[in-house]
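Quick notes on the structure that follows.
Every read-out reported here was derived from the displayed coordinates using simple, explicitly stated rules and does not represent laboratory data. All of these numbers come straight from a predicted model, not from anything done at the bench. Every residue, glycine among them, receives a Cβ derived from its backbone with ideal geometry; neighbour counts consider all protein chains shown.
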Amino acid sequence: MNELSRHIEALLLENDCVIVPGFGGFVAHATSALRVAEEDRFEPPTRVIGFNPQLQLNDGLLVQSFMTVYGNSFPEATRLVERKVKLLQKQLQEEGHVELPNIGELSVSLSDSYTFHPYDHRLTTPALYGLDSFTLKELGAQPLRPLQPAAAPTRHGQSRPRRQPATLHHRRWRQSAERMAVAAVLVLAVCLSFFISTPISNTEVAQTSQAALSPAGWMAQLASESLALTPQVARTVESTAVKPAKPVSAPVVAVAPPPAAPRSPRWHLIVASVGSEKDARALADRLVKEGHDGAQAVIGDGKMRVSIASYPTEAAAYKALGELRQKPEYQSAWVLKRK
């Protein structure tokens, strides 16, 4: 009976009625949560399984469950369900009761009527599992007490009366006035520093102030009055010879060397590709010894290639490629362009 019980239990998870053909139907009855006011008790929602022997029409639900498990056809699953039902009826007649795990206990009376006692562990309804009744007493009405303003604590822990709004407003206005006075004093000090500062003048330039000159004019004025560029004559003795000023040496300008001319591309006749640089150079040396003076190792892009000859133009390279491929050992030669 355990197999039939497992099918019924699985179907009751998603269905409110599961009919066992020729025997009866298991029906789920759902109730909402309720409150028992007299006992201050709250009952959770329930889903109780009942049994009705009058429901014997085959709706195909149990048969389809057997078809899913065994993978057989509908007639074969129907005959299998009929054999399971006959075994259930035989056990009821012999023992008087049958236990359906996780569903309930089914028994038969002397008048051949069935009695079903469902289990109350709610395994057939996972959403309600673990819910139980509880008691919660209703709270009585509580008197409301007027709120008292809290007094601000003093340094010694004694309370003092709150300041009036007018006093706080006066204090804020006085603080704002003090900040404005400090800002005005700072602005006045900055303005006086500009008027009292000593003007900058140049005694060697008549009626001209360096502070009034632009940077370009100031540098030109210094250049015109420089002792290194303008020869000076002694004013105390008229017969004194004028000493020529030392010539100013021109600054040495470093001349960059002309850029190197870009290397012209070369077209290489590749005859082999090897796995290491050592093998590429060894093969190139062997080709040189065989008489191919232009053979060399072409290393780059992570590849090691061996060139048997190189040409300055593409046309010359492909012309030589056609002649080289006439030899059987160089049928796979190809042209590579490199700088």
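In terms of surrounding Cβ atoms within a 10 Å radius of their Cβ, 11, 128 rank from fewest to most as 128, 11.
Computed over the Cα atoms of the stretch 266-338, what is the convex hull's projected area averaged over all directions, in nm²?
4.5
FRET efficiency for the residue 36 to residue 57 pair, using the beta carbon distance and R₀ = 51 Å, is estimated at 0.85. What the Cβ-Cβ distance of residue 325 and residue 281 gives, at R0 = 25 Å and to the nearest 0.05, is a FRET efficiency of 0.55. Here is the P(r) of the stretch 2-134: all C-alpha pair distances, binned every 10 Å from 0, give 11, 39, 30, 14, 5, 1 in whole percents.
Exposure proxy ranking for 116, 51, 42, based on other Cβ atoms within 10 angstrom of each Cβ and starting from the fewest, stands as 42, 116, 51.
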